[in-house]
1. List pairs: first in region 115-129 and basic (Lys, Arg), second open to solvent by 20 Å² or more (accessible area, probe 1.4 Å), Cβ under 6 Å, 6+ apart or cross-chain?
2. If the Cβ limit is 6 Å and pairs must be 6+ apart or interchain, which residue in region 47-65 that is free of Cβ contacts under 8 Å to residues at least 40 places away in the same chain pairs with which residue that is hydroxyl-bearing (Ser, Thr, Tyr)?
3. When you go through Gly111, Gly70 one by one, which is the residue that is among the small types (Gly, Ala, Ser) and touching a residue at least 40 places away in the same chain (Cβ under 8 Å)?
4. Just to be sure I understand, how many residues within region 41-69 are on the phi > 0 side of the Ramachandran plot and among the acidic types (Asp, Glu)?
5. Of (1) more than 22 Å from Leu60 (Cα to Cα); (2) not in a loop (DSSP other than H, G, I, E, B), Cys206 satisfies all except one. Which?
6. Using beta carbons and a limit of 7 Å, which pairs, at least six apart or on different chains, have the first residue in region 134-153 and over 27 Å from Met200 (Cα atoms) and the second one open to solvent by 10 Å² or more (accessible area, probe 1.4 Å) and assigned to a loop (DSSP other than H, G, I, E, B)?
7. Quick one: in region 228-253, which of the residues that are of a type in the set (A, V, I, L, M, F, W, C) and open to solvent by less than 40 Å² (accessible area, probe 1.4 Å) is farthest from Gly195 (Cα to Cα)?
8. Can you find a residue in region 44-66 that is touching a strand residue (DSSP E or B) at 6+ places or on another chain (Cβ under 6 Å) and open to solvent by 20 Å² or more (accessible area, probe 1.4 Å)?
Amino acid sequence: MAKILRWAGYLFGALLLIVIAAALAIWALSQRTLGERPQAKPERLIPASEASLETGQYLLVARACAECHGDQVRGAKFLDIPKVATLYAPNLPLLAKTATDQQLAQAIRQGIGHDGRPLLIMPSESYQFFTDAETAALIKAIRALPPTGAATPPVRIGPRGRVGIVIGKLETGPALVEHYAASQPADLGPQFAAGRHIAMTVCSGCHGSTFGGKEAEPGTFAPDLTKTGAYDLPAFTRLLRTGLPPSGKELKMMTGVSRKAFSHMTDAEIAQLHAYLKERANRAP
């Protein structure tokens with residue numbers, strides 16, 4: 001009996017060492033990913049004097065920046081999942097005091113923070129498709145806000161989040177930018193170009209690079225946008241303004257972001273987006 005207990009102790013000790021070694025390896029590998037310094041590309045921006053403040057102010061709301069960054073984009077906690085991560089979107093006007101236009105543009109379109117490290121859950125995979133004028137307008141609007149309030153706390157990644165980073169389920173901004181750049185949605189011709197641009201900058205973050213659907217957040221799957229082909233323009237407009245489909249049932253993610261952000265989209269933008277998505281659905285095999 002003593003011999004059996006002794007070997008059981010050895011086995012338990014060995015298993016414990018394996019668990020500790022695996023945990024240390026996961027921490028080290030995830031920390032290496034989070035600590036990377038990706039090579040940022042120089043950003044082409046129109047002069048600030050030519051950028052439209054009105055357009056920038058509109059984009060801050062209609063493209064859901066305030067959804068994560070909070071009121072007046074002064075920072076907010078936007079993700080808090082136990083054992084996964086607690087993430088705060090930074091106070092942008094305060095950050096803009098010390099960041100250059102290049103650094104702000106690289107954060108927006110490349111997913112690289114002003115400190116050179118990769119960002120998490122920053123939709124740069126979609127925002128990389130902002131035009132130079134749109135990006136400059138966003139920066140101008142951020143700089144026009146008074147730099148008040150406090151800096152947000154640092155990122156906290158839990159054990160499940162670190163596992164997600166290691167296995168590629170939780171990707172950094174630069175990695176997603178690369179993937180989305182290599183897999184773009186169908187170009188349906190110049191008459192649908194405006195709608196395609198809106199879809200790439202608005203819809204792709206949740207619905208995937210080609211709008212085929214994906215897990216937008218743990219436990220929530222954003223569907224293939226082919227289903228929007230069944231919507232006429234009034235129903236589609238209602239969806240974007242209120243987040244409610246024809247059934248009237250609230251949707252877990254869409255309802256909130258529609259009411260806070262997409263409800264500010266112009267009628268023209270909604271019509272252009274609808275035309276592109278409907279044509280995409282019509283051409284689906």
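1. none
2. none
3. Gly111
4. Adding up the residues that qualify gives 0.
5. (1)
6. Short answer, once both residue conditions are applied: Pro147/Lys97.
7. Leu244
8. No: zero hits.
The values are calculated or read from the model by the stated rules, or taken from the named source; none is laboratory data. Keep in mind that what you see is a predicted model, and the values were worked out from it rather than measured. As a convention, Cβ positions derive from the backbone with ideal geometry for all residues, glycine included, and neighbour counts pool all protein chains shown. The area values use the complete protein model at the heavy-atom level, side chains included, leaving out ligands, DNA and RNA. Shrake-Rupley method; radii C 1.70, N 1.55, O 1.52, S 1.80 Å.
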